[in-house]
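The values are calculated or read from the model by the stated rules, or taken from the named source; none is laboratory data. A quick note: this is a predicted structure, and the numbers were derived from the prediction, not measured. Backbone-built Cβ (ideal geometry, glycine too); neighbour counts: all protein chains shown. Heavy atoms of the whole protein, side chains included, go into the accessibility calculation; ligands, DNA and RNA do not. Shrake-Rupley method; radii C 1.70, N 1.55, O 1.52, S 1.80 Å.
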Amino acid sequence: MTRQRSGLAAGIVGVSVWGPGLEGWDASRPILAGAAPYEPRHSPPPAPAILAPTERRRTGPVVRLALTVAHEAAQNAASSSGLPPGSLRNVFGSSNGDGVVVGGILDALAGARGNERVVSPTAFHNSVHNAAAGYWSIATAGRQPATCLGAHDGTWAAALLKAMVEVAADGEATLLCCYDHPLPTPLAALRPTVSAFGAGLVLAPLGVGQPMATVRVGYCAIPPAPGAWAPRNPALHALAAGNVVAQSLRLLETLALGESDRHALPYLDGRLDLELDVAG
Amino acid sequence: MTEPLVLTACTAVSAAGRGVLAHRDALLSRTSGLQPNDFDPGLGGWIGRVPGTEAHALPPAMAGFDCRNNRLADMALRTDGFAEAVAEARDEYGADRIAVVLGTSTSGVSAAEDAYQRRCDGGLLPAEFNYDHTQDLFSLGSYVRTVLGLRGPALVVSTACASSARCFMDAGQLIRTGVCDAAVVGGADSLCRMTLHGFAALELLSPTPCRPCAADRAGISIGEAAGFALLERADARRRDGRTTPRLALLGAGASSDGHHMSHPHPEGAGAVGAMRQALRRAGLAPHDVDWINLHGTGTRANDATEDLAVASVFGDGVSCSSTKGWTGHTLGACGILEAVIAGQCMAAGFVAGCLGIDTPDPAFRAQVAVGTLDRPVQSVVSNSFGFGGANCSLVLGLLS
């Protein structure tokens, strides 16, 4: 049960973050590197300027969070490595999906009588787990495929593994966009998520673009040691424990510091071992 | 070209029947599983409801997972010897070397719909409602992985109605990169009020049983289904002792429309891209394909656009049809269900032409089959398209 023979490697050519007091990569980098204090605050993601006004009006906070993260990582890869956003494969990961939209539909259905039509067409098409990826492809007029996934508390590990495999299997640069937003009442009590948080990476085959680090991952069916993915900065621990996508904070700190690191992420009853090497 | 993968075990449960042979019989006898909508009768229309779901009990240890979606999944796992076949593979490879990659669009949301009807004072949901094990997207993956005793990586793919087709690609990559040796793929979607009301809001529910490719088609009939396949490398040891050709995934392609959340691209550009990529990876030319199992939902726009896309890739030289007249549109489960159907058509040598129509829409340019065509079928393209502009095409064939 301990075999680990997968040697997946990729270059990180783009990165992004959005969360409470972490408003984009450039603004967050000194915080993540420990050079500035972490001061959490309510940080609603901006309306996505990359969408035409008609589409933009149809987006809620969850899609906005995802698009903010996708856009910054893709821009980052475009300027570092000349990879146009529409040329990237896409992996979107979220455990909660658009709980705000789904919760609204559940409220409406609970109040519906007989054949009353209570679900709006826009809410319905926004309820699908791949809504954010759909808006992203509309925004970038991109035809590259997207896979959209969830794996409960293992969502960050699953999405990272999936994106690494996409790069390794087909040799294509891939956008990884992960996001989780708190569920609305009354679901929030059953699946607590402390704040909205998203993280993005653009992963490229080795030798493509200008990577800031090389990442290697391997799956193992033994759980990690407790706290093996904890951020260096104790002030970030509550966020890392309260939003499954914020399990990425350790990796983001490592990139901000420009250091190498090894850590393990929780993945169901196993783990994903992760090795970051800034020297390439 | 990519290396083919074999489907060493398969199962499916839908309104057309329980098990692969029940599906073959329904197709050959041209018996639809659709019935008037008695799930949410106020909305009218017809549905593809799986009989026996209400009476099906999960194993006691898994009771916390009880919801319509996991019941369908459990019924499928216990059909066609599927769980036993996975257990044999687990003994060969090790539990940690088999991945679980499944597709669903709405997971167990019907459990949440019921819970919302029974909210307590103060608005709290009833204590017995288990969000993580029912409504959460990963519920299906967690259920299947636990019941089958697997320890490999797992994820649930949700690209709307392309979900359980897309998971073949995601699982195939895990195998090809050596992360695992085999994968359980497939998925489930179950009747729920959210999708019935949602499609009603879009005015896409047909008042009569759906009739894909008919000139007077009037929309979809929503169905439910679960299905699974065990995906392995083509050189995998035969554990079934047979020598008959094995069902194989020869290639797959995916794309995004980048056009609109719920309307297909007007020229079907994304669908064309997915089909061409799938053919290229399978190493096949369009004329090598014997049948195209269309997404063919029965809406005006989907079928017309898919016809344009199919005609631009295949001309009028390849038979195409939709099998949703038997099962209804099973949403995120249609990819696996129609892969299983394609396997049955290849094994028995027939094309299942569209059900309930005499002549196809005269405006269509592709070669739409109606009725049963008895003839060898060696390779099939199966299309699945979803909201968000998610397209996926699988090329299935037989490997000796």
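Both numbers refer to the Cα atoms of the stretch B:248-399; Rg and Dmax are 13.8, 39 Å. Here B:Leu399 and B:Ala363 are evaluated by their C-beta separation; at R0 = 30 Å the FRET efficiency comes out at 0.20.
Shape summary: the stretch A:200-246 maps onto an equivalent ellipsoid whose semi-axes, from the alpha-carbon gyration tensor, are 26, 16, 10 Å in decreasing order.
Give the average over all directions of the projected area of the C-alpha convex hull of the stretch B:1-49, one decimal, in nm².
5.7
For B:Ala9, the residues 5 or more places off, or on other chains, whose built amide H falls under 5 Å of its own are B:Leu230. Per-residue Karplus couplings for the stretch B:318-328, computed as 6.51 cos²θ - 1.76 cosθ + 1.60 with θ equal to phi - 60°, are listed in order as 10, 4, 9, 6, 10, 9, 6, x, 8, 10, x Hz, Gly and Pro entered as x. Here the stretch B:196-316 is treated as an ellipsoid with the same Cα gyration tensor; its semi-axes, largest first and in whole Å, are 31, 20, 14.
Which trypsin sites (Lys or Arg not before Pro) in the stretch B:220-264 pass both tests, a DSSP loop state and at most 13 other beta-carbon atoms within 10 Å?
On the way: sites: B:Arg233, B:Arg237, B:Arg238, B:Arg239, B:Arg242, B:Arg246; in loops: B:Arg237, B:Arg238, B:Arg239, B:Arg242.
Of the trypsin sites (Lys or Arg not before Pro), the ones in loops of the stretch B:220-264 whose Cβ has at most 13 other Cβ atoms within 10 Å are B:Arg237, B:Arg238, B:Arg242.
Antiparallel beta bridges, as assigned by DSSP with both residues in the protein assembly as shown, represent about 75 percent of the total such bridges.
Only Cα sites of the stretch B:342-383 enter the Debye sum here, all with the same form factor; the resulting log10 I(q)/I(0) across q = 0.21, 0.24, 0.26, 0.29 1/Å is -0.73, -0.88, -0.97, -1.06, listed in q order. Expressed as an acute angle from 0 to 90° and rounded to the nearest 10, what is the orientation of the C-alpha long axis of helix A:99-110 relative to the principal long axis of chain A? Its long axis makes an angle of about 30 degrees. Stokes-Einstein, applied to the Kirkwood radius of chain A over Cα pairs at a viscosity of 1.002 mPa s and 20 °C, places its translational diffusion at 113 µm² s⁻¹.
The label point for A:Arg58 and the one for A:Glu116, both projected 7 Å from the Cα toward the Cβ, are 2.6 nm apart. Using alpha carbons only, the radius of gyration of the stretch A:188-273 set against its Kirkwood radius gives Rg/Rh = 0.99. When DSSP beta bridges are restricted to pairs lying wholly in the stretch B:312-400, around 80% turn out antiparallel. Residues in the stretch B:198-204 carry Karplus couplings, in order, of x, 5, 5, 4, 7, 6, 10 Hz; the curve used is 6.51 cos²θ - 1.76 cosθ + 1.60 with θ = phi - 60°, and Gly or Pro positions show x. Computed as a quarter of the hull surface, the mean projected area of the alpha carbon convex hull for the stretch B:328-400 stands at 6.0 nm². Each of A:Arg191, B:Arg176 has its accessible area taken with a 1.4 Å probe; listed largest first, they run B:Arg176, A:Arg191.
Counting other Cβ atoms within 10 Å of each Cβ, which GluC sites (Glu not before Pro) in the stretch B:175-264 have at most 15 and sit in a DSSP loop?
In loop regions of the stretch B:175-264 (DSSP not H, G, I, E or B), the sparsely surrounded GluC sites (Glu not before Pro) are B:Glu203.
Using the heavy atoms of the protein chains and a 1.4 angstrom probe, tell me the accessible area per residue for the stretch B:248-399 in square angstrom.
On the way: 4080 Å² over 152 residues.
On a per-residue basis, the stretch B:248-399 sits at 27 Å².
Volume per residue of the convex hull around the Cα atoms, evaluated for the stretch B:5-233, comes out as 138 Å³. Here is the size of the protein assembly as shown from its Cα atoms: Rg then Dmax, 23.3, 73 Å. Size of the stretch A:37-98 from its Cα atoms: along the principal axes, largest to smallest, the extents are 38, 33, 24 Å. Each listed q (0.09, 0.14, 0.20 Å⁻¹) maps to a log10 I(q)/I(0) for the stretch B:89-213, found by the Debye formula over equal Cα scatterers with no solvent: -0.35, -0.73, -1.06.
Can you give me the convex hull volume of the Cα atoms of the stretch B:268-315, divided per residue and expressed in Å³? Each step should come with its number before you reach the end.
Numbers: hull volume 3.2 nm³, N = 48.
Expressed per residue, the convex hull around the Cα atoms of the stretch B:268-315 is 67 Å³.
Highest mean packing first, where packing is the average number of other Cβ atoms within 10 Å per residue, the peptides A:60-69, A:156-165, A:270-279 line up as A:156-165, A:60-69, A:270-279. Sorting A:33-45, B:365-377, B:283-295 by average packing, meaning the other beta carbons within 10 Å per residue, from highest down gives B:283-295, B:365-377, A:33-45. Among the residues of B:88-97, the average count of other protein chain beta-carbon atoms within 10 Å of the residue beta-carbon is 2.
The label point for B:Val370 and the one for A:Ala27, both projected 7 Å from the Cα toward the Cβ, are 6.1 nm apart.
For the pair A and B, how large is the buried accessible area, both sides, in square angstrom to the nearest 100, if the probe is 1.4 Å?
Buried: approximately 5700 Å² between B and A.
From the C-alpha coordinates alone, can you work out the Kirkwood hydrodynamic radius of the stretch A:1-152, in Å? Could the numbers behind the result be given before it?
Values: mean 1/r = 0.0567 Å⁻¹.
When all Cα pairs of the stretch A:1-152 are included, the Kirkwood radius is 17.7 Å.
In this rough spin-label picture, where each label sits 7 Å from Cα along the Cβ direction, the A:Ala35-B:Glu92 distance is 5.6 nm. Entry note: chain B has Rg to Rh equal to 0.95, where both radii use alpha-carbon atoms and Rh is the Kirkwood radius. Using a Gaussian network model of chain B in which every pair of alpha carbons under 10 angstrom is joined by a spring, one finds that among B:Ala15, B:Ala225, B:Ala333 the greatest mean-square fluctuation is at B:Ala15. Phi-derived couplings, Karplus 6.51 cos²θ - 1.76 cosθ + 1.60 at θ = phi - 60°, listed residue by residue for the stretch A:139-155: 4, 9, 6, x, 9, 5, x, 10, 10, 10, 9, x, 8, 6, 6, x, 4 Hz, with x used for Gly and Pro.
Over the stretch B:248-399, what is the percentage of antiparallel beta bridges among all DSSP beta bridges, to the nearest 5?
On the way: 19 of 27 bridges.
Bridges in the stretch B:248-399 that DSSP calls antiparallel: roughly 70 percent.
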